[in-house]
Every structure is written in C-alpha cells, then in structure tokens.
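Working notes for the structure below.
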Amino acid sequence: QVQLVESGGGLVQAGGSLRLSCAASGRTFSTYVMAWFRQAPGKEREFVAAISAGGRDTIYPDSTKGRFTISRDNAKNTVYLQMNSLKPEDTAVYYCAADSSLGRITVAPDYWGQGTQVTVSS
C-alpha cells in the first residue's frame, strides 16, 4: 500500500505558475506509476499527467501538454506537477494517484491522495 499527501496548491493569477508536490509513504514508491488528476466543481475527474516508475516516460492529455510537466524524485518518494501558463479553466482540486500498472493509471488508479485546491483568477 501507499499513502499520498499533496501540497502546493493555492491562488494564482492567469498566466502564472504553481508547482504541486505529492509525498508518498512506503519503501516501494519507485515501483509505482504516478499520476495527477483534477476535478472542477460540477465536472468529472480528469486525467492531467502520468509518469512511469523510473521516470523516463510521461503521458499528457492535449489539455495540459506543453504547459504542465510531471516529474518524480524516487529518492525523496515525491512526484511533482509543474504548471505554467495557468488558465482559469485549470481551477480544480488536484489529486495525486498511484498504481502498479501504466495501462491502468490514466483510468482507475488504485491509490489516491486527498487533493489540493488550485484556483486561477482571471
């Protein structure tokens, strides 16, 4: 099992940047595929980015590609989401997620954090 705790959310103006962090418990962090999702009020949870266990491969949907960057530091049991050129439509609760399968991480990961609020003002 792995426990996930997000941090780094807050209020930022449109065009600004934020970096989210997700700290994971357990000694097997480096074996998990990690991802970020978000959920805006009244909308379904949306996949934002994923990174392979070793950190070499990343996946982004069109909505975040080129603006968001996912990375990880396995020595620190932490995954990051660097968000640039933020837009008001990026406002949401952002969740960290983990799974043992790259094929499953974008759809139904096994483990979730509690979320951190990101608000982008216009």
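The values are calculated or read from the model by the stated rules, or taken from the named source; none is laboratory data. These numbers come from a predicted model, not from an experiment. Backbone-built Cβ (ideal geometry, glycine too); neighbour counts: all protein chains shown. Accessible surface is based on the protein model in full, side chains and every heavy atom, while ligands, DNA and RNA are left aside. Shrake-Rupley method; radii C 1.70, N 1.55, O 1.52, S 1.80 Å.
Values for this structure:
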| read-out | value |
| --- | --- |
| Diffusion coefficient, µm² s⁻¹, Stokes-Einstein with Kirkwood Rh over alpha-carbon pairs of the chain at 25 °C and 0.890 mPa s | 174 |
| Choice from 98, 75, 53 showing the highest fluctuation, given a GNM over the chain with Cα pairs closer than 10 Å | 75 |
| The chain: relative contact order as a whole-number percent, Cα under 8 Å and 6+ apart | 36 |
| Interatomic Cα distance distribution for the stretch 53-122, bins of 10 angstrom, percent | 17, 50, 30, 3 |
| Within a Gaussian network of the chain (alpha carbon springs, distance under 10 Å), most fluctuating of 63, 30, 101 | 63 |
| Computed [θ] at 222 nm, deg cm²/dmol, the chain (DSSP H ≥ 4; -39,500 (n - 2.57); rounded to nearest 500) | -500 deg cm²/dmol |
| Accessible heavy-atom area order of 100, 122, highest first, probe of 1.4 Å | 122, 100 |
| Scattering profile of the stretch 1-48 at q = 0.13, 0.32 Å⁻¹ [log10 I(q)/I(0), Debye over alpha-carbon scatterers] | -0.43, -1.22 |
| For residue 3, residues with placed amide H under 5 Å, excluding near neighbours | 25 |
| Estimated dipole of the chain in Debye, rounded to 20 [Cβ of Lys and Arg +1, of Asp and Glu -1, Cα centre] | 200 |
| Per-residue HN-Hα couplings for the stretch 112-122 [Karplus 6.51, -1.76, 1.60; θ = phi - 60°; Hz; x = Gly/Pro] | 9, x, 7, x, 9, 7, 10, 10, 10, 8, 8 |
